[in-house]
Amino acid sequence: MLASSLVLAGCAAAVPLSPAADATNVACADVIVHLPSTVADQASRETNAQSTGAWGDPAAVLLHCGVTVPTPTTLPCLNINGIDWIEDDSDAPMYRYTTYGRDPAIEIVIDSEAVSGSTALIDVANAVGYVPATGACVGAEDVQLPTDGPTNAP
């Protein structure tokens, strides 16, 4: 009975994903080998694409390393455990988080009906940290306006 259970467990299909444009970046390999075995209490799954990760059955958390590095945006930016993430909720309840200030960029898509987004981002923070930060999110409060002399409106 135990042998048949092991055989069945090994038959789970890989999560079908496509690699990101910069998936062959060496920094992505560092991220992938350090991914946790569970994210938001979901077990890791095998994927069929380089520099990807998946957790849950059905998959509730998907990761792609090597996505396009984001440019400045008006989307919200969160700092979770030292990692800046741009949050895109345009497909809610699926949330897309993309690292900001790291090259290559990493994207995580989270099904918020199945898992907590903040928990998932905390769980992958150590692995994502293997891509060094080269910048950080800024907000309106970070903008320095000139203080010497009057400021004229256009």
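Data table
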| quantity | calculated |
| --- | --- |
| Within region 20-37, considering residues that are in contact with a helix residue (DSSP H, G or I) (Cβ under 7 Å, 6 or more places away or on another chain) and outside any helix (DSSP H, G or I), the one farthest from ILE122 (Cα to Cα) | HIS34 |
| Count of residues meeting criterion [without any contact (Cβ under 8 Å) to a residue 12 or more places away in the chain, out of contact with any Pro (no Cβ under 9 Å at 6 or more places or on another chain) and of a type outside the set (Ser, Thr, Tyr)] in region 84-129 | 1 |
| The listed residue being crowded, with 17+ Cβ neighbours inside 10 Å and on the phi < 0 side of the Ramachandran plot, out of ILE122, ILE110 | ILE110 |
| Filtered residue count, region 39-64, keeping only those that are over 15 Å from VAL15 (Cβ atoms) and in a strand (DSSP E or B) | 0 |
| Pairs, first on the phi > 0 side of the Ramachandran plot and in contact (Cβ under 8 Å) with a residue 24 or more places away in the chain in region 45-64, second assigned to a strand (DSSP E or B) and of a type in the set (Lys, Arg), C-beta under 9 Å, six or more apart | GLY56/ARG45 |
| Selection count, region 71-85, where residues are surrounded by 22 or more Cβ atoms within 10 Å (Cβ to Cβ) and of a type in the set (S, T, N, Q) | 0 |
| Members of region 42-70 found to be touching a Phe, Trp or Tyr at 6+ places or on another chain (Cβ under 9 Å) and surrounded by 13 or more Cβ atoms within 10 Å (Cβ to Cβ), listed by number | GLN42, SER44, ARG45, VAL61, LEU62, LEU63, VAL69, PRO70 |
| Selection within region 10-32 - under 21 Å from GLY129 (Cα atoms) and either without any contact (Cβ under 8 Å) to a residue 24 or more places away in the chain or hydroxyl-bearing (Ser, Thr, Tyr) (or both) | THR24, VAL26, ALA29 |
| Residue within region 106-116 that is at pLDDT 95 or above, under 22 Å from VAL33 (Cβ atoms) and of a type in the set (Asp, Glu) present | yes |
| Subset of region 71-97 (residues that are in contact with a Phe, Trp or Tyr (Cβ under 8 Å, 6 or more places away or on another chain) and among the charged types (D, E, K, R)) | ASP84, GLU87, ASP88, ASP89 |
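The values are calculated or read from the model by the stated rules, or taken from the named source; none is laboratory data. It should be emphasised that the depicted structure is a prediction, and the values quoted were computed from it without experimental measurement. Glycine also receives a Cβ, built like all others from the backbone with ideal geometry; neighbour counts cover every protein chain displayed.
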